[in-house]
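The values are calculated or read from the model by the stated rules, or taken from the named source; none is laboratory data. Just so it is clear, the model here is predicted, and its values are computed rather than measured. Ideal geometry is used to build each Cβ from the backbone, glycine not excepted, and the neighbour counts take in all protein chains shown.
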């Protein structure tokens, strides 16, 4: 957080609530089926913090796009590159060709900050069975935020120059238009509505509106904050993949998040709860935890051939937390130190790293997931599996019994409902 802002530990506590909801949902705990709303919480927080920082700098006459993007790169890319490096090595070793080819395509889009667009274009829904086997599926939300960051600071700066008194009403109109689009689009095109910025911008803009709204302590802050947190947690446990998202329905948890940020003042009980040391600690590593948990869960599922029992799920969460702490300590923190790495160096490292991953991802996709790794029989199985997914072939189950068990092992972990391969091939 910028030094020009007063540090609010309760915001880190709210980050912890958001990321833990996502992690528990992805781990398969049914009582947290709506945990995906944690991403919506992140959008509101991001809109609030970015607008608070940028608007204050604009008013004080010290706003710089170079400084803004320098901070964004230091915040986002080092940990992302570290996760993608480890995940790419593991994917080449573990993923079958069809999934590795998809991984390569996803990896390339990540470093174009367009993974949400790529997922939308391919129709790979967030709740589709195959999504649980894509290590970078979760990076769509990073793309939404980065696309927002590309234009929003510039727009805010220009509007402040020509019509600063109208900034709040313009933000409100933008949020209403975005929510209206989402409500109109989600029933007929749920995948694109879920992933794309025009249908998500209202969540970020609500946070932006809050940042520009004067706030004074009120005796009712504690009550409003308590009920806002209760409503948010209730939505996380009560919503499911059948809930249209984003839509007017999700206005409830998003508005609860906004109200929570507005009313969780230091003197309130809810602020003291969110400022608990354990929540603040998780909140500080929330970005790295969000990045690491999906690859860990994917490879755990593939290793066990199942979504796992409670012990496996808890172990995966603890492993993700450990990796997140190491990533925060030894990757995130050093790269934020400008004395250690200058602006030109961070730009250069970011460019080179992004190009390398972009080229590698496209190459892996072009090579059909490096299917040359397979022996001839495994390659034949792979080709038929790919053709079955494309509707070109569908072998009867008894035809697979001719294959040796070890040749089928490459696919045994792919027990998603849409897999054409029988479990006991």
Single condition residue 29 does not satisfy, out of (1) surrounded by fewer than 18 Cβ atoms within 10 Å (Cβ to Cβ); (2) within 15 Å of the chain's Cα centre (by Cα): (2)
Residue, farthest from the chain's Cα centre (by Cα), within region 117-162, restricted to residues that are modelled with pLDDT of 95 or more and part of a loop (DSSP other than H, G, I, E, B): 135
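Say we look at region 127-145 and pick out the residues that are surrounded by fewer than 19 Cβ atoms within 10 Å (Cβ to Cβ) and in contact (Cβ under 8 Å) with a residue 40 or more places away in the chain; which of these is farthest from residue 65 (Cα to Cα)? Before the answer, list the steps.
Of region 127-145, the ones surrounded by fewer than 19 Cβ atoms within 10 Å (Cβ to Cβ) are 127-132.
Imposing the further condition that a residue be in contact (Cβ under 8 Å) with a residue 40 or more places away in the chain reduces the set to 127-130, 132.
Values: 127: 37, 128: 38, 129: 41, 130: 39, 132: 37 Å.
Top of the filtered list is 129.
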Residue 241 vs. criteria under 30 Å from residue 83 (Cβ atoms), surrounded by fewer than 16 Cβ atoms within 10 Å (Cβ to Cβ), within 24 Å of the chain's Cα centre (by Cα) and in contact (Cβ under 8 Å) with a residue 40 or more places away in the chain: yes
Failed item in (1) within 15 Å of the chain's Cα centre (by Cα); (2) under 30 Å from residue 213 (Cα atoms), with residue 182 passing the rest: (1)
Index of the failed condition, residue 157 passing every other in (1) surrounded by fewer than 21 Cβ atoms within 10 Å (Cβ to Cβ); (2) touching a residue at least 24 places away in the same chain (Cβ under 8 Å); (3) touching a helix residue (DSSP H, G or I) at 6+ places or on another chain (Cβ under 7 Å); (4) over 28 Å from residue 80 (Cβ atoms): (4)
Complete set of residues in region 33-53 that are surrounded by fewer than 22 Cβ atoms within 10 Å (Cβ to Cβ), over 15 Å from the mean Cα position of the chain (by Cα) and either part of a helix (DSSP H, G or I) or modelled with pLDDT under 95 (or both): 49, 52, 53
Per-region count, region 259-270, residues assigned to a helix (DSSP H, G or I) and surrounded by 23 or more Cβ atoms within 10 Å (Cβ to Cβ): 4
Counted residues, region 185-238 - those being within 26 Å of the chain's Cα centre (by Cα) and free of Cβ contacts under 8 Å to residues at least 24 places away in the same chain: 6
Residue 114 being within 16 Å of the chain's Cα centre (by Cα) and buried (at least 21 other Cβ atoms within 10 Å of the Cβ): no
Restricting region 350-394 to residues that are under 22 Å from residue 91 (Cβ atoms) and not in a helix (DSSP H, G or I), the residue that is modelled with the highest pLDDT: 367
In region 61-100, residue farthest from the chain's Cα centre (by Cα) [restricted to those that are free of Cβ contacts under 8 Å to residues at least 24 places away in the same chain and not in a helix (DSSP H, G or I)]: 61
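Here's the yes/no breakdown for (1) modelled with pLDDT of 95 or more; (2) out of contact with any strand residue (DSSP E or B) (no Cβ under 8 Å at 6 or more places or on another chain); (3) closer than 26 Å to residue 79 by Cβ:
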| residue | (1), (2), (3) |
| --- | --- |
| 185 | yes, yes, no |
| 192 | yes, yes, no |
| 195 | yes, yes, yes |
| 221 | no, yes, no |
| 234 | yes, yes, no |
| 248 | yes, yes, no |
| 255 | yes, yes, no |
| 275 | yes, yes, yes |
| 279 | yes, yes, yes |
Residue among 111, 63 that is touching a helix residue (DSSP H, G or I) at 6+ places or on another chain (Cβ under 7 Å) and closer than 30 Å to residue 366 by Cβ: 111
Qualifying residue in region 301-313 (condition: outside any helix (DSSP H, G or I), over 26 Å from residue 90 (Cβ atoms) and either within 23 Å of the chain's Cα centre (by Cα) or at pLDDT 95 or above (or both)): no
